[in-house]
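One structure is given below, encoded as structure tokens.
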Amino acid sequence: MAALIAENFRFLSLFFKSKDVMIFNGLVALGTVGSEELFSVVAFNCPCSPARNYIYGLAAIGVPALALFLIGVILNNHTWNVVAECHKRGTKNFSTAATFLLFGSIMGRAAVAPVTWSVISLLRGEAYICALSEFVKPSSLDRFPAEFGAEVLARFPCKDVPANLTKFRDEVTRRLRYESQLFGWLLIGIVAVLVFLTKCLKHCCSPLSYRQEAYWAQYRSNEDKLFRRTAEVHSRILAAKNVKQFFGFVALDKEEKELVQEFPVEGVQPSPQWNAITGVYIYRENKGFPLYSRLHKWAKGVEGNGPTPEGHEMLFLAS
């Protein structure tokens, strides 16, 4: 049983660490759907009061969407690469097209969860019905009693109405749910068209062939995995040496002793090297040869960040 659980967790870990954008976006969308369903069942409770319904209904759709968007921006590595780039080098080396491409990538990834939340909320209809029930014109309802107004209409989402208004409540609910779902399907269609056009534009404007782009994606993934793994080992060995210097000995397990003996660490990398491999990277070539990352560029000894006679900015951002 323990082995089975460990294997499942390993699978989930690999699945979530996948570099495939479509898989990642799908996972985000599924997680958002589950969160929205849980919110609707547990937390959503229309106040059924004039002037409060509208604010509460819009907040139920908009506030979680805004929070998910900000979380998406925070979790995107490009966001912090932009921060590092602006702090260390500024954006003067990027053209307008490159800057637009960069921010478009960040916003597009971050928009997956909030758009999914908004679509599911509209398809369910509860928040929309809560927000707009009081604005239904009584004159649009056949034989609606004149003595009832917005206060009664605002109570329709809670079904707290006189018995003689039940049929009107059902009609208003059905009408508003129709409108809400219509907006939801329209939003799905608009997003699908935008994604399709964006993918077409990306591949049409890409300076790389399909195979080279696939190779670049594999290189980025492998470089990131190897860099993280090596950095973890390097930092552990360096920490062990410093602890030993302080106490006179260091308590290491068998695996850590083997690492210390196998990989001698003399010191740390200077800050200029860290700065050279940190920040936004847009595909460039040097004398016709591709440079696939900042680390690759640093290893080749290519100086500078902007276009030069020997280095050409291709205006293509890593996805």
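For Leu194, indicate whether it is assigned to a helix (DSSP H, G or I), open to solvent by less than 60 Å² (accessible area, probe 1.4 Å), in the same structural domain as Pro114 (by the TED database) and hydrophobic (A, V, I, L, M, F, W, C).
no
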Log entry, pairs with first residue in region 58-74 being assigned by the TED database to the domain that holds Arg124, second being open to solvent by 40 Å² or more (accessible area, probe 1.4 Å) and modelled with pLDDT of 90 or more, beta carbons closer than 8 Å, six or more apart or on different chains, reads Ala65/Val115
Return yes when Tyr178 is in the same structural domain as Tyr283 (by the TED database), out of contact with any Phe, Trp or Tyr (no Cβ under 7 Å at 6 or more places or on another chain) and part of a helix (DSSP H, G or I) and no when it is not.
-> no
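Kindly evaluate Ala231 against the criterion of being surrounded by fewer than 13 Cβ atoms within 10 Å (Cβ to Cβ) and outside any helix (DSSP H, G or I).
Values: surrounded by fewer than 13 Cβ atoms within 10 Å (Cβ to Cβ): yes; outside any helix (DSSP H, G or I): no.
Against the criterion (surrounded by fewer than 13 Cβ atoms within 10 Å (Cβ to Cβ) and outside any helix (DSSP H, G or I)), Ala231 does not qualify.
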Of these, Pro270, Pro207, which one is open to solvent by less than 80 Å² (accessible area, probe 1.4 Å) and closer than 30 Å to Met107 by Cα?
-> Pro207
With criteria (1) touching a residue at least 40 places away in the same chain (Cβ under 8 Å); (2) open to solvent by less than 90 Å² (accessible area, probe 1.4 Å); (3) within 24 Å of Ile120 (Cα to Cα), Arg220 comes up short on (3)
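The values are calculated or read from the model by the stated rules, or taken from the named source; none is laboratory data. What you see is a predicted model, and the numbers here were worked out from it, not measured in a lab. For neighbour counting, all protein chains shown are included, and Cβ atoms are generated from backbone atoms with ideal geometry for every residue, glycine included. In case anyone asks, the SASA skips ligands and DNA or RNA and just uses the protein heavy atoms, side chains included. Shrake-Rupley method; radii C 1.70, N 1.55, O 1.52, S 1.80 Å.
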